[in-house]
Amino acid sequence: MAVHFSFDNSYARLGETFHQHIMPTPVAAPLLLKLNRPLCEELGLNADALDNPEGAEIFSGNRLPSGAEPIATAYAGHQFGNFVPQLGDGRAILLGEVVDRQGRRRDLQLKGSGPTAFSRSGDGRAALGPVLREYLISEAMVALGIPTTRALAATATGEPVYRETPLPGAVLARIASSHVRVGTFEFFAARGDNAAVGRLADHVIERHYSEAATAPNRYHALLKAVCMRQAVLVARWMQVGFVHGVMNTDNMSIAGETIDYGPCAFLNTYDPTTVFSSIDRNGRYAYGNQAGIAKWNLARLAECLLPHLDPDKARAIEVAQGILASFTDVFDTAHMDGFRAKIGLQTKHAEDAALIGDLLARMDQQKADFTLTFRGLGRAAESDQADASLRFLFDDPTAYDSWAARWRARLATEPREPGERRVAMDSVNPAIIPRNHRVEDALAAALAGDSAPFERLNEALTKPFEDRPDFVDYASLPPARDSVYRTFCGT
């Protein structure tokens, strides 16, 4: 059965300075482990024609589909605040842009497909565990309604990769609105190539922010639109307890999607200082720092765009500072509106910020589980008989009781009926998230040759806002061992 990819590769046409033409390195024995059939449908791909050895050949990089123009893209980045002038796709190759059923461009990238000019002595490969991890968590984010890159396929290579120990190798086929990052702009700005910065900005406007094309100053409008999209994205991360882990500028997508699921994880007990990444020793990318770091990263983007914001540098800086200030306003509004919805508030009152802040402070002090507390509030909003299931989440149950009395007084001013309110709260407070121990257990089983836990967890994560009797075990408190959970970069 023929496989057709509707490629139209605009990024490859930007010029040689933007990328390296490179073929994926063949692998020994590709085996397709997981194909995302619903995503195939979105992309206009025939899943039946891909869910076989031919698909494994394509998704491992052994065979190029017609119309592919494989490239490794160039970018730089601030990593933990330190500028690295050249990074680039060291283990990923962009096959091209697939035009999906709705006419949208979607990058198809193979991650783990061999070394490139940007590998910096790396082997260009990926291990199976991190590939399956990105598959699970990125698709969980889709179900949670958070903009993200997608996982199209996971393919075993039949070859080991060597890290601390030999590990089975794999390739992830990743779909993204694009792979342009803040670090892509930094790559050219650091070289003083303002013409390339302008070409890249025009490309991003055409691809992601077409409304900026007709603005009085298209680059002002671009910077503002990127800031707004990032502000809302980070607010949505925080509303589900997601910690990105490594918010370097090369890990910030200009399209406003979550990208790069290495040292990321979800909160169990609420603590704004939570850090999961093993290399984030000073807490730079802690849960509570994410908005500030996003704004810092966007300031680096603004610096790249200064020559295009205004010919006068002082005026350009003034414009950039004004746009960056709007990030805080948009984030604060999105964050507050999101948490209002999480506690069942439809209207806006001046005291809401204090009510929400007090709940979070008590959750922090009392080591309450983030996901279960907010999910339980939906039941409690419908009936105070459900308070018992919430009280036990707090080390001192009276901390919940005194807050709940104030909360119910506030709910009494709301127009919704209790049943309607519960439905609304359950639609924003997930029952199931990718609990860290569940992810690790599924990956360990998969590495041992048992894919059943991975498949069951993946299925559980497809409907996170539903109470599903068959998956009740995924909606329970994690074990104590999760309190010291650490993640590691899969490079």
Can you tell me the dipole magnitude for the stretch 95-153 around its Cα centre, using point charges on the Cβ only (Lys, Arg +1; Asp, Glu -1), in Debye to the nearest 20? 60
Gyration tensor over alpha-carbon atoms, the stretch 201-333, equivalent ellipsoid semi-axes in Å: 29, 14, 13
What's the magnitude of the charge dipole for the stretch 42-185 around its Cα centre, counting Lys and Arg as +1 and Asp and Glu as -1 at the beta-carbon? Answer in Debye, nearest 20. 440
Enumerate the calculated ³J(HN,Hα) couplings along the stretch 87-96 in order (Karplus 6.51 cos²θ - 1.76 cosθ + 1.60, θ = phi - 60°), each rounded to whole Hz, writing x wherever the residue is Gly or Pro. 10, x, 6, x, 8, 9, 10, 7, 6, x
Taking the Cα centre of the chain as the origin and placing charges on Cβ (Lys, Arg +1; Asp, Glu -1), which of Ile205, Pro307, Gln290 is farthest toward the positive end of the dipole? Pro307
The answer for GluC sites (Glu not before Pro) in the stretch 285-389 that fall in a DSSP coil and have at most 11 neighbouring Cβ atoms within 10 Å is Glu351
Projected label distance in nm at Arg315 and His437, using a 7 Å step from Cα toward the beta-carbon: 6.1
Could you work out how far apart the two model spin labels at Lys367 and Val423 are, taking each label as a point 7 Å from the Cα in the direction of the beta carbon, and quote it in nm? 3.9
Kindly give the semi-axes, whole Å and largest first, of the ellipsoid equivalent to the stretch 345-408, taking each as the square root of 5 times a Cα gyration tensor eigenvalue. 18, 14, 10
Förster-model FRET efficiency, 45 Å R0, Leu477 and Arg104, C-beta, rounded to 0.05: 0.65
What are the semi-axes of the equivalent ellipsoid of the stretch 153-250, taken as the square roots of 5 times the eigenvalues of the Cα gyration tensor, listed largest first and rounded to whole Å? 33, 19, 14
Step through the residues of the stretch 291-306 one at a time and calculate ³J(HN,Hα) from phi using the Karplus curve (6.51 cos²θ - 1.76 cosθ + 1.60, θ = phi - 60°), rounding each to whole Hz and writing x for Gly and Pro. 5, x, 5, 4, 5, 4, 4, 5, 5, 5, 5, 4, 4, 5, 8, 3
Test item: Cα-centred dipole of the stretch 1-67, Lys/Arg +1 and Asp/Glu -1 on Cβ, debye: 160
On full extension of the chain, what length is gained from Glu159 through Ala325, given 0.36 nm per residue of separation minus the C-alpha to C-alpha distance? 54.8 nm
For the stretch 379-491, how big is Rg over Rh, using alpha carbon atoms and the Kirkwood form of Rh? 1.07
With all protein chains present, how much of the accessible area of the stretch 184-290 (probe radius 1.4 Å) comes from carbon and sulfur, to the nearest whole percent? 47
Pulled fully out, how much extra length does the chain show between Arg468 and Asn282, if you take 0.36 nm times their separation in residues and subtract their Cα-Cα distance? 63.0 nm
Taking every Cα atom in the stretch 81-237, find the radius of gyration and the maximum pairwise distance Dmax, and write them in Å. 17.5, 56
Would you please report the Å³ per residue occupied by the convex hull of the alpha carbon atoms in the chain? 154
Got a number for carbon plus sulfur as a percent of the stretch 364-491's accessible area, 1.4 Å probe? 54
Could you provide, to the nearest whole Å², the per residue accessible area of the stretch 394-485 with probe 1.4 Å? 48
Under 5 Å, built H, 5+ apart or other chain: amide partners of His78: Val84, Thr249, Asp250
Go ahead and run the numbers for FRET between Ala350 and Ala143, Cβ-Cβ distance against an R0 of 45 Å, rounding to 0.05. 0.85
Label-point separation in nm, Ser121 to Leu31, each point 7 Å along Cα→Cβ: 3.4
If you filter the stretch 134-214 for GluC sites (Glu not before Pro), then keep DSSP loop positions with at most 10 other Cβ within 10 Å, what is left? Glu164
List Ser121, Ser253, ordered by accessible area with a 1.4 Å probe, largest first: Ser121, Ser253
Put +1 on the Cβ of every Lys and Arg and -1 on every Asp and Glu Cβ in the chain; which of Thr328, Val275, Leu31 then has its Cα farthest towards the positive end of the dipole? Thr328
Calculate one ³J(HN,Hα) per residue across the stretch 456-462 by plugging θ = phi - 60° into the Karplus curve 6.51 cos²θ - 1.76 cosθ + 1.60, and present them in order as whole Hz with x for glycine and proline. 5, 5, 4, 5, 4, 7, 6
Ignoring ligands, DNA and RNA, what accessible area per residue does the stretch 61-197 give at 1.4 Å, in Å²? 31
How big is the stretch 302-359 in terms of Cα radius of gyration and Dmax, in angstroms? 17.3, 49
Protection proxy ranking, peptides 111-119, 22-30, average beta carbon neighbours within 10 Å, highest first: 111-119, 22-30
Please list, in chain and number order, the residues 5+ apart from Lys34 or on another chain whose amide H is under 5 Å from its amide H, with Hs placed from the backbone. Ala154
Relative to the present Cα-Cα distance, how much length would full extension add between Ala341 and Ser6 at 0.36 nm per residue of separation? 116.6 nm
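The values are calculated or read from the model by the stated rules, or taken from the named source; none is laboratory data. What you see is a predicted model, and the numbers here were worked out from it, not measured in a lab. Please note: Cβ atoms are built from the backbone with ideal geometry, for glycine as well, and neighbour counts cover all protein chains shown. Ligands, DNA and RNA are stripped out before the accessible areas are found, and what is left, the full protein with its side chains, is counted by its heavy atoms. Shrake-Rupley method; radii C 1.70, N 1.55, O 1.52, S 1.80 Å.
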